[in-house]
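Everything on this sheet refers to the single structure shown next.
Coordinate-derived values only; no laboratory data. Just so it is clear, the model here is predicted, and its values are computed rather than measured. Please note: Cβ atoms are built from the backbone with ideal geometry, for glycine as well, and neighbour counts cover all protein chains shown.
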Amino acid sequence: MAVLRRDGYRCLACGSEDDLTTDHIRHQSTGGRHGMENLRTLCRSCNSRRGVGHLPEVDGKPWSESGNSASEVSGRPYRRIMSSYRRDLVSRATRNEFRSLATDMTVRLVAEAWQNHNFAPVPEDELNYDDSSVRRTTFETYAAAVDWTDYAQVSRALLVFEDFIRHCRQSGWEGHWLEEVTVKLERDGLSVDERGRISWLHRPVTTGHLDKLTDPSGILAELERVSRTIADDPAAAIGSAKQLIEATAKTVLRERGIAIDEQAKVPALVKQAQKALRLDASSVTPGPDGTDAVKKILGGVASIAVGVAELRNRGYGTGHGQASAPTNLGARHAQLAANAAITWCQLMLDTLGDPSAPWRKVAVPAQPQAPTSAAAS
């Protein structure tokens, strides 16, 4: 279960969320260990397809048999890749769905759709993809050049997908292609309107700063839970939104070297975390952070974080035992809570990672030391 949670409950090869298994990266028969660093999540189909070989989608090239416990991907430890803590914002399953649409388009149309949004293809000798279809291969040469963990690049790629949808509609395509595309996008937290425009149901936290943190696993776990439950289980999404705020606050305090009171409630943690980054109303800081306008915004953001916790504590989110399910709770309430939590989380992470943020000019307050045995006596 820990492996599935770490990998976001998705197959690392195809992005599927169904029929998941754990796979030994390096097989035990060749000396692979049974620790977390040598396990990953694959769906049963990809696991079977891999056999004892490798998967180009995640392995890059066959495993080197040199070395002991650490598996390698193109010469880099697999665990190091996983510990970058950045997940694809659009799953491989969704990308594969759009790639299949390219089968019935012209090569020129496929290439121009990508080029119109400033994408360039990867060289053919760097493409780990083998397909008899020139159209699908053309799609993949551009898709392989996208950093699917980068919000800005993914936003441009979604414009390419919108162009695909509009072309299919204007060409009068029949069948269930739009339904399949829509379902895959919704699983990634995206929606398609009647004009074919794709938008985020809730904007994901950009995780560029997470790879610099000591341990961002708590934040990532709650982000995954929010993404999985926002449409089908609003109460769970609200509960996860509250836990996302709590995990972010504790991460900030830990990174700043400030002791964490495990018994503290969310309002206290929010206040303490913002103070640690000099984002509280009482901090005197130069520049825009010290203006009344920014102070008002920061006060509002803090109230948002506390409000999400109160919503959950009043029985509208999971985490407290309830005799009956909350009534009239819908996806819009979950989206409100998720967007609010993510807004606060993003602010904290951006400020924590900003090299010129005001908090960097202030020394970390000394923490009280536990009394020695001599002092205690």
Response to the item:
Rounded to 0.05, the calculated FRET efficiency for the beta carbons of E174 and R197 at R₀ = 30 Å is 0.85
Discussion item. Can you give me the distance in nm between label points at A293 and E262, each placed 7 Å from the Cα along the Cα-to-Cβ direction?
Written reply: 4.5 nm
